[in-house]
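The structure under discussion appears below in the form of structure tokens.
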Amino acid sequence: MDLGKAIDLFLQNCRRKELSPHTLRAYEVDLQKFHDFNTAQNLSLQEISAEHIRNWVDLLYLAGLSASSRKRYLACLKVFCRWIEDEGIISSSPFNGLKLHIKVPKRLPRNIQQGELQLLFKALENIDASHGMARQTLKLALELLIATGLRISELCNIEIDDIDFSSGTIRVSGKGARERTVFILDEELRELLEFYLSRRKKIIVEVDNLLVTPMGRQATPDYIRRKLHLFTSEAGISKRLTPHMFRHSAATLLLENGVDIRFVQRLLGHASLSTTEIYTHVTESSLKAALKEGNVRKRLKSA
């Protein structure tokens, strides 16, 4: 069996496992890049070795890919090789015994400054019943993102049946098909959700998803990103905001307001607490900035 056929079988298996469209696209792109490299080397599937994988990673480095991108490519290839080994397509994975560590520098999550959030949500208040479906969808999307810390893909995949108004909860299918619950506790947000559903009924809708376009189709992550970019420009915000920054901001604000990190972990759907702990560094950065601004010692000396 050649590498291209093995990749096709692997991707079919991923679809059967109902991996997210985002993960499937990433696997397909990453494995195609390795397939191109392998073709240039004129190697059969059985001839791929640990040394070839090292050479491939070196090539990615020379191509200018960041450490995080190289690590992602390597992780994808490792999953693929483990699967074809388990399926008996190859006798042994080239990763067996391979020690290859790519150090990724720690980056703090990019969140939205409180002043920018206040400016943005003040602009959102101006979106009323006179506005069209596109603006109504954006308004609800941003309100839900900051209130729940959802990933944009999770938000766009919410269906009407996932919402329970009696308990104020939304069922969410997250990474790795892990299901969790987020809460709509704010009364104004619940009213906004009910208003949106009433507007949604007035258009011809082709899908069960909560968030839809004016044409009645599912509002995709790219659709929300485009609408957000236009809206922030109109609101006078120069920084380019992304939906994921609302997730970071929600986590940071919750921690700064004293919410236990384990509750934040559960809300965000992190499998590991260490993933959530990165937001404590953001709050520490905020503390450092505040202390520098206050500078008690300098104030005492200048008094």
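Only the coordinates and a few stated rules stand behind these numbers; no lab work does. Predicted, not measured: the structure shown is a model, and the values here were computed from it. Cβ sites come from the backbone with ideal geometry, for glycine too, and all protein chains shown count toward neighbours.
Taking the chain as the reference, fit the longest principal axis to its C-alpha atoms, fit the long axis of helix 221-234 to the helix C-alpha atoms, and give the angle between the two in degrees, 0 to 90, nearest 10.
The answer is roughly 40 degrees.
For the range 3-86, what does the alpha-carbon gyration tensor say about shape, rounded, prolate or oblate, given a ≥ b ≥ c as the root eigenvalues, a/c under 1.5 as rounded, and a/b over b/c as prolate? Don't skip to the end; give the middle numbers.
Numbers: a/c = 1.98, a/b = 1.25, b/c = 1.59.
Judged from the Cα gyration tensor, the range 3-86 comes out oblate (a/c at least 1.5, b/c at or above a/b).
Would you order Ser153, Ser66, Ser167 from fewest to most other beta-carbon atoms within 10 Å of each residue's own beta-carbon? Write out the running numbers ahead of the final one.
On the way: Ser153 18, Ser66 13, Ser167 10.
Lowest to highest Cβ neighbour count: Ser167, Ser66, Ser153.
So what's the back-of-envelope 222 nm ellipticity for the chain, counting only DSSP H runs of four-plus at -39500 (n - 2.57) apiece and dividing by all residues, rounded to 500? Numbers along the way, then the final one.
Values: 13 runs with 180 residues, N = 303.
Estimated from H runs of four or more residues: -19000 deg cm²/dmol.
Take the Cα atoms of the chain, build their convex hull, and give its volume per residue in Å³.
Working: hull volume 60.0 nm³, N = 303.
Convex hull volume per residue, Cα atoms: 198 Å³.
Could you state the number of Å between the C-alpha centres of the range 155-176 and the range 204-228?
Comparing the Cα centres of the range 204-228 and the range 155-176, I get a distance of 16 Å.
Distance from the Cα centre of the range 231-257 to that of the range 3-70, in angstrom?
If we compute the Cα centre of each part, the gap is 34 Å.
Using the number of other C-beta atoms within 10 angstrom as an exposure proxy, rank Ile112, Ile278, Ile184 with the fewest first. Numbers along the way, then the final one.
On the way: Ile112 23, Ile278 15, Ile184 20.
Neighbour counts put them in this order, fewest first: Ile278, Ile184, Ile112.
May I ask you to derive the relative contact order of the range 114-292, considering only C-alpha pairs under 8 Å and at least 6 residues apart, and to give it as an integer percent? Spell out each step's value before the answer.
Details: 200 pairs, mean separation 44.5, N = 179.
With pairs under 8 Å counted, the relative contact order is 25 percent.
Any chance you could give the angle, 0 to 90 degrees and rounded to 10, that helix 3-16 forms with the longest Cα principal axis of the chain?
It is inclined by approximately 40 degrees.
Kindly rank 134-141, 237-244, 262-269 from highest to lowest mean number of other beta carbons found within 10 Å of each residue.
Ranked from most to least packed, the peptides come out as 134-141, 262-269, 237-244.
Listing Cys76, Cys81 from the residue with the fewest other Cβ atoms within 10 Å to the one with the most, what is the order? Mind showing how you got there, number by number?
Working: Cys76 19, Cys81 23.
In order of increasing Cβ crowding within 10 Å: Cys76, Cys81.
Per the Cauchy relation, a quarter of the hull surface: what is the mean projected area of the convex hull of the alpha carbons in the range 114-292, in nm²?
Values: hull surface 43.6 nm².
Over all viewing directions, the range 114-292 projects a mean Cα-hull area of 10.9 nm².
When only C-alpha pairs under 8 Å and at least 6 residues apart count, what is the relative contact order of the chain, in percent?
Details: 288 pairs, mean separation 52.1, N = 303.
Rounded, it is 17 percent for the chain.
Which GluC sites (Glu not before Pro) from the range 1-56 combine a DSSP loop assignment with at most 11 other Cβ atoms within 10 Å?
On the way: sites: Glu18, Glu28, Glu47, Glu51; in loops: Glu18.
Those satisfying the criteria are Glu18.
Helix 67-86: angle to the longest alpha-carbon principal axis of the chain, degrees 0 to 90, nearest 10?
Helix 67-86 sits at roughly 50 degrees to that axis.
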